[in-house]
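Encoded as C-alpha cells, here's the structure I'll be asking about.
Laboratory data are not the source of any read-out in this text; all were calculated from the coordinates shown. Computed from a prediction, not measured in an experiment: that's the story for all the values here. Cβ coordinates were reconstructed from backbone atoms using ideal geometry, including for glycine residues, and neighbour counts include every protein chain displayed.
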Amino acid sequence: MRRICLVGAGGIARIHAEVLGRMPDISVVAVADPRVSAAEALARLLPGARPVGSFEEALAAGGFDVAHVLTPPDTHAAIAMPLLEAGCDVLLEKPMAASREQCERLAEAAAASGAALGINQNFLFHPAFLALRRAVANGRRGRLRFVDCVYSVPLRQLSAGQLGHWMFAAPANILLEQAVHPLSQIAALLGSIEAVEAVPDAPQTLYEGRCFHAGWTISLRGPRASATLRFAVGEKFPLWQLTTICDDGAIVADMLGKRVHMLGRTRFADPIDGMVAPALSAAEMVAGGIANAGRYGASLLGLSKRNDAFFRSMQGSIAAFHGAPARFEADAAFGARLVGLCEEIAARLPVEKNRPVPPQAPATLSGHPDAAVLGGTGFIGRATVARLLQEGLSVAVMARGTEGLPPLFSGPRVRLLRGDIADAGAVAQAVAGAGAVINLAHGGGGADYAAIRAAMVGGAEVVARACLAAGTARLLHVGSIASLYLGPGAGPVTGATEPDPEAARRGDYARAKAECDLMLLGLHAQEGLPLVILRPGLVVGPGTSPFHSGIGFFNAEQHVIGWNRGHNPLPFVLADDVAAAILGALRAEQAVGRCYNLVGDVRPTAREYLAWLAEATNRPLRFHPKFPTTLLAEEGSKWVLKRVGGRRSPPPSRRDLLSRGLRAPFDCSDAKRDLGWAPVADPARFRKTAFAMGQ
C-alpha cells in the first residue's frame, strides 16, 4: 500500500485525488495546504485523509511514502527538496521547477536519498498522443523524418486580465507553464532536443510599461529527426496538432479533437488515389469523432466512469509513476531538460526584454479611505477605481489577487488588501474607517445551489454586517438584473421592480441574486443598513470579452445560439457608465434604501450586436435563433440523460430561459434623475468602447 500526501488543495489536486481514488493499493493519508479550509474540503472527499496546514507539518507527522506536489511552479523546489531528502518519492506537477538550476538540485537530492522523482507531464499519456506514438513505432509509414507541432490556444487568464498569475511574471514563465506540453511530446518522439532557432512574435502590450510575448516559432533538433513548434497563447481558434512526417506518409494527432488520422498513398494511380486516400483519412477522422461521442454518451448515462481525454491523460501519468517509478519516462532528467529548453528559448529575446516583470509600484495610502471597493480588480472594479481616483477620492481595494495589477492600483491614494468576502476578518479590515463601501464581489460559485447560495448570499451578508459593525455611512451593493424576471409580460422594469417573486423556479445564479437582494433589503428595513442596490445590465467594455452570454450561449466564438429569435433590444451598458452611476450613488442623498437598474441608452438586438462585433473583429460571426420551447426541450433531454446516469441536477427552468431572453423593457429614468446618470447614447461611441478588447 502506497500512502500519499497531496501538497496543495487547488483544482488540479481534486483531479489527482479522483485518479488516486480509483487505483488499487493506494491511500491518500494527508492533504496539506496553508488554506486550511481548502485542505479540509478536499480531505472530506478522501476517507482516512487528514488535513494539515503545511507540508512541513505533514512531513513531521510522517505516515506517507509519496508526495504529490501540486502548488505553483515557483514553490516546487522549496517544497520538494525536504521531501526528497527525507526519502519520500515525489511526483511534481509540471514544470519541474522555475529554473534549470533548481531542477538540477532536486535531481541531486533524489539521487542522494534514492527517492523517485517524477514530473506529471500528463499529455504524454493523452489518448491521441499515445495513438500517434504507436503508429510511429509500428513503422507502417516508414522512418520518422520530421515533426510539426502547432499549439495555438486561448488563454483564460490573459483574456480575463488575471495578470498576477506566475506565468506572466517573466518571459520564460509562459513557456514553462504552457509550452512544456507540446515540448514534452516532441521530446518523447525525438529524444533529447535542442532549440536551433526561436523567433518571438511582436509583444503584446498588457498595459503601459508591461509587455507579454505570447507567441514563438521554434525550430528544434533531436538525434532522430528535426521539428518545428508554433507556440501561441491568447488565440481565438484553438488548435493543438502534431504531424509526424515519415518516409511513406504522415500521422496527424488532433489533441483537442482527441483523434488521429493517417495521410498516405494507396496502390491506385494518381486520379483514383486522389479520391481514395482522402476518403480513408476522412473515415478515420469520422470514426474518431464517433468513438469520442460514444465515450461521452456512456459517461453521461453512467455506463462508464469519467473518461474524458484530459482525465485519461492524468490517469495514465499517475498510474505509470506509481506502477514503476524507476522507469517513469518523465523523470528528473526529462523534466530538467524541458525547463532548460524553455530558458534557452526565452534567452533568444534581447537581454533587456528577457527580465522578470519589475515589482508593482506600491499602494501607500495610510489613512482612512473615502471608499472601500471589494472585488475592485475586475473589469467593473477597474473602471470604478479609475473614476473614484479621477474625482480625487482615496480607495482601499480588496481582492483575491493583488499582484500583476496596472499602475492604476498604486500611489498615495490607494491601499491594497488581499481577501475574500467569505472571510469576515478580511472584510472587517477592508471596510474599517471607509466613508463608503462598494461591493462588486459576487462571492463565487459552487457545485450545487446550497454552495452557490452560501457563497453569494452569505458573502453579501458578511459585507453588510461588517458595514453595520463599522458604522459605514453607505453600502453600495452591485448586483445584477438577473435577480429580476425579464421575460414576456414583465412590463416596464424600473428600480422599484421587486426581485423575481418566483425565484425558486429560476436557475441557481438568478435565484441566488434575487435572494441576495431580498436579504440586503431586509437588513435595511430591520437594522438600518444604509444600502443602495445597483443592478447593471449586460456590461461590456475594456477588460472583458465582447462575446457576452446575454445574447446567447457560445459553443464556439463564431457561433452564438440565441435565447430567442434575437429581435428584441437588449439591456447593454458600458463599464465606464456603471462606474459613473456608482459615483453618483455615493453622493445622492435620496438613493439610500433604493434599487436602480443600470441599462444604457444604446440597446441593440442580439442580431445587431453580433453584426457590430463581426464588423469590429473582421470575423464571420453567426447568430442562430432559437425558440425558448426548443431550448427547453434540448435542455430537458440533457437533464434526463444526466438523471439516467445517476447525476443529480435541477431540471431546466422555462421561466429562467424566458427571462434570459431579456424581452422586458427597462425604464432607467430614476437612476438618471437621482444619480445624475447620463450613459452613452451615441451608438458609434458605444461600439468603439464595447469592442475595444475584441479587435
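Check A469, A460, A473, A504 and return the single one that is in a loop (DSSP other than H, G, I, E, B) and either aliphatic (A, V, I, L, M) or at positive phi (or both). Before the answer, list the steps.
Working: A469 fails: in a loop (DSSP other than H, G, I, E, B); A460 fails: in a loop (DSSP other than H, G, I, E, B); A504 fails: in a loop (DSSP other than H, G, I, E, B).
Of the residues listed, the single one that is in a loop (DSSP other than H, G, I, E, B) and either aliphatic (A, V, I, L, M) or at positive phi (or both) is A473.
Here's a follow-up. Of all residues being farther than 21 Å from N354 by Cβ and without any contact (Cβ under 8 Å) to a residue 60 or more places away in the chain in the stretch 175-231, which is surrounded by the most Cβ atoms within 10 Å (Cβ to Cβ)? Just the residue, please.
I186
Still on this model: Those residues that are exposed (fewer than 14 other Cβ atoms within 10 Å of the Cβ) and either over 29 Å from the mean Cα position of the chain (by Cα) or part of a loop (DSSP other than H, G, I, E, B) (or both), I need them from the stretch 36-47; list them, please. Quick ask: steps written out before the conclusion?
Pass one, the stretch 36-47, residues exposed (fewer than 14 other Cβ atoms within 10 Å of the Cβ): 37, 44-45, 47.
Within the stretch 36-47, R44, L45, P47 meet the criteria.
So, one more: Give L641, L658 a once-over and let me know the one that is within 22 Å of H548 (Cβ to Cβ) and either basic (K, R) or surrounded by 13 or more Cβ atoms within 10 Å (Cβ to Cβ) (or both). Give the steps one after another, and end with the answer.
Details: L641 fails: within 22 Å of H548 (Cβ to Cβ).
Of the residues listed, the single one that is within 22 Å of H548 (Cβ to Cβ) and either basic (K, R) or surrounded by 13 or more Cβ atoms within 10 Å (Cβ to Cβ) (or both) is L658.
Return the residues of the stretch 595-636 that are surrounded by fewer than 20 Cβ atoms within 10 Å (Cβ to Cβ) and within 30 Å of L521 (Cα to Cα); say none if nothing qualifies.
D601
So which helices (runs of 4 or more DSSP H) stay within the stretch 600-689 end to end and still have 2 or more residues that are more than 26 Å from S299 (Cβ to Cβ) and within 28 Å of the chain's Cα centre (by Cα)?
Of the helices (runs of 4 or more DSSP H) lying wholly inside the stretch 600-689, those with at least 2 residues that are more than 26 Å from S299 (Cβ to Cβ) and within 28 Å of the chain's Cα centre (by Cα) span 606-617, 654-660.
Can you report the number of residues in the stretch 27-62 which are among the polar types (S, T, N, Q) and free of Cβ contacts under 8 Å to residues at least 12 places away in the same chain?
Residues flagged as among the polar types (S, T, N, Q) and free of Cβ contacts under 8 Å to residues at least 12 places away in the same chain within the stretch 27-62 amount to 1.
Taking strands (runs of 3 or more DSSP E) that do not extend beyond the stretch 48-118, which have at least 1 residues that are among the charged types (D, E, K, R) and in contact with a His (Cβ under 8 Å, 6 or more places away or on another chain)?
Values: elements: 50-52, 66-69, 89-93.
In the stretch 48-118, the matching strands (runs of 3 or more DSSP E) lie at 89-93.
While we're here: Scan L405, L417 and give me the residue that is touching a strand residue (DSSP E or B) at 6+ places or on another chain (Cβ under 8 Å), farther than 19 Å from R210 by Cβ and of a type outside the set (D, E).
L417
Looking only at the stretch 178-219, count how many residues are of a type in the set (S, T, Y) and outside any strand (DSSP E or B).
The total comes to 2.
Which condition from (1) over 22 Å from V385 (Cα atoms); (2) without any contact (Cβ under 8 Å) to a residue 60 or more places away in the chain is the one that G444 breaks?
(1)
Here's something else I'd like to know. Quick one: P369 ticks every box in (1) of a type outside the set (D, E); (2) surrounded by 20 or more Cβ atoms within 10 Å (Cβ to Cβ); (3) assigned to a helix (DSSP H, G or I) bar one, so which box is it?
So the condition that P369 fails would be (3).
Output yes when any residue across the stretch 250-260 is over 22 Å from L183 (Cβ atoms) and not in a strand (DSSP E or B), and no when none is.
No.
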